[in-house]
Amino acid sequence: MRTRSSWTIILCLSSLCCWYHPHHSPTVVVDALSIPHYKSTPYPPITSTAATTSTSSESYTSISAQIEALTQHPAVWSSSKSARKKLTPRHLDLFSTTTTKPGDYNLLVLFNEFASVVCATGRIPRKELFETWAAALLIDNAFSQNYTRRIADVAAGHGLLAWALLVIDDNTRSTTPEQPQSSIDDRTPRTVLCIDKRMPPSAQIIQDAMLQNYPHLEERFHFVQGSLEQIQPHSTCLLASVHACGTLSDLIVSLATSTGAPVAVVPCCHSRKKLDVYSVFAKAEYEAIIGMKDGVGPMVDLAERLDEARCVALGYAGFDVMVEMLPERFTKKNRLIMASPPPNQSKGNASQLSIDIPPPLELTTTATTTPATTSKPKNVIYRMPPLLSDNNANAKTKFLAKMTIPCEDSPTSRTIIATLAGKYAANRRMDALHRKDHTDAPEHNMSIWLPSNTENEGGIDDNVVVSEAALSVLGGTIDPKICCTVQQLGPTFQNSSGRRATTFRIRYEYDTNSRISETNDGDGGSSKLVEGASVSNDDAKLVHDELYSRIADSFPGAECR
């Protein structure tokens, strides 16, 4: 028989809390999500049993009380309009209180401190702050006691979830009068990795503000600009995402089930559109959702069906699955799905896991619903497609395929991430994408007719006159911000008349990390200078043309071909 344990949901949480276990039985169990189209559930269901466990109930009670206290915070909004307004320094008074009830473990004080930093940036809506902190509390409580010490915030946006998880973990490791030195957590410090297709200016602003208040966390936070296909998940790194829009939730679940990586996701914007990548472990559930004809009207329980399919996929992949509900006052899309593979389960691809794929579901209809018909979905990909394939092998994908984002919690992977992180590195990759051969700095060739021997005073060798070093020095005098690295390409060429020529490749780079590119923050704020990636192609061409024009005067007898 399958064993099941659950924790009691307290106060405002919507009493939905359960753990899935991979070993299933054919027993029909009532579904807590009340999905009307399912006649039976021959898979581990989402239940709402009230049985409590003896190991984690005390810890969970504390977190539940913290979230309930969060719903009563003075800064909680009274209207939906104010919920979406951005917090600014004028809201600091709302987070000035430091009083907490006995036993609150001072997390509200920590939240006020964290929120004050957010207010100073003027970039985060009030709603986003509260829902992110509530999700971070539940994720930290669920995963802080196991082996997972690295977290990848997928589609991170501002990176607020990663910072919340990092600050909460750092707080538990700090010494306070109530927490003597001997009781400090001796586990490896948590590290976080933010991943998004674009690192917005607000992410850099928040990062600067957080590091100003928590400078010791600098080496534990990285933001890498990249695509989901470039991620290399690992069982030692939690894949987390709050409000993973549309099919992004299905992509993350598919990554987790195919690699054995723990996952925590809050789905959002439930839709069947472009639902072409999902986990093979819930093939029947997804096909039932995709196969519904559009002509029968909207699927009123689509959100429940999709979240159920995601949980089923994780359960059949051998994960222990827990479903929590964020306070509905913070967000309507409030279902938090968390799952971790059992420690004794082998990690790997879905094909390597000894779990049977569940049979197709039986569908039923209500008296007010037109009978639904199913059809086999076309061209469905059940796992994450590779970034580079025969169908999309264009220049951009070939370039992006060269870079992967390793999530493994190891010194080697963290070193690689450090080289990829930040806007400076992202800009260098973006510039390289638009260059010939995708070099990380603009390069131009220059072929020069060398002076004849009679024109070299004292019989000095040609290469001493027109040399790599001499050209580099000459190029550096054109623009003091740009340095030239010169390399001779091949041996000297001699034509039939005896005239000789040499070709040089000149690479143009800034000599320091100059603040070169001007961007706007996109939020109505003033423009600011950010660290640029490399010399632009236009600037490099200007310097190259000027260098071309100076060759004849600088090297008597020489001329450009």
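The values are calculated or read from the model by the stated rules, or taken from the named source; none is laboratory data. All figures in this text were calculated on a predicted structure; none of them were measured in a lab. No Cβ is skipped: glycine too gets one built from the backbone with ideal geometry, and neighbour counts run over all protein chains shown.
Each row is one residue, and each column tells you yes or no for (1) modelled with pLDDT of 95 or more; (2) in contact with an Asp or Glu (Cβ under 9 Å, 6 or more places away or on another chain); (3) not assigned by TED's automatic domain parsing to the domain that holds A264.
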residue	(1), (2), (3)
L110	no, no, no
F114	yes, no, no
T121	yes, yes, no
A134	yes, no, no
V154	yes, yes, no
R198	no, no, no
Legend entry - strands (runs of 3 or more DSSP E) contained entirely in the stretch 465-522, each with at least 2 residues that are closer than 15 Å to D545 by Cα and at pLDDT below 85: none
Inset, instruction - Could you pull out the residue among H243, H222 that is crowded, with 20+ Cβ neighbours inside 10 Å, modelled with pLDDT of 95 or more and assigned to a strand (DSSP E or B)? - result: H222
Inset, instruction - Considering each residue of the stretch 198-213, count those that are surrounded by fewer than 19 Cβ atoms within 10 Å (Cβ to Cβ) and under 19 Å from S116 (Cβ atoms), and give that number. - result: 4
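One line per residue, one yes/no per condition, for (1) assigned to a helix (DSSP H, G or I); (2) at pLDDT 95 or above; (3) not polar (S, T, N, Q):
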| residue | (1), (2), (3) |
| --- | --- |
| N141 | yes, no, no |
| Q145 | no, no, no |
| L165 | yes, yes, yes |
| I168 | yes, no, yes |
| N171 | yes, no, no |
| D185 | no, no, yes |
| T188 | no, no, no |
| L193 | no, yes, yes |
Legend entry - Criterion: buried (at least 23 other Cβ atoms within 10 Å of the Cβ), of a type in the set (S, T, N, Q), modelled with pLDDT of 90 or more and within 13 Å of the chain's Cα centre (by Cα) - qualifying residue of S249, S254: S249
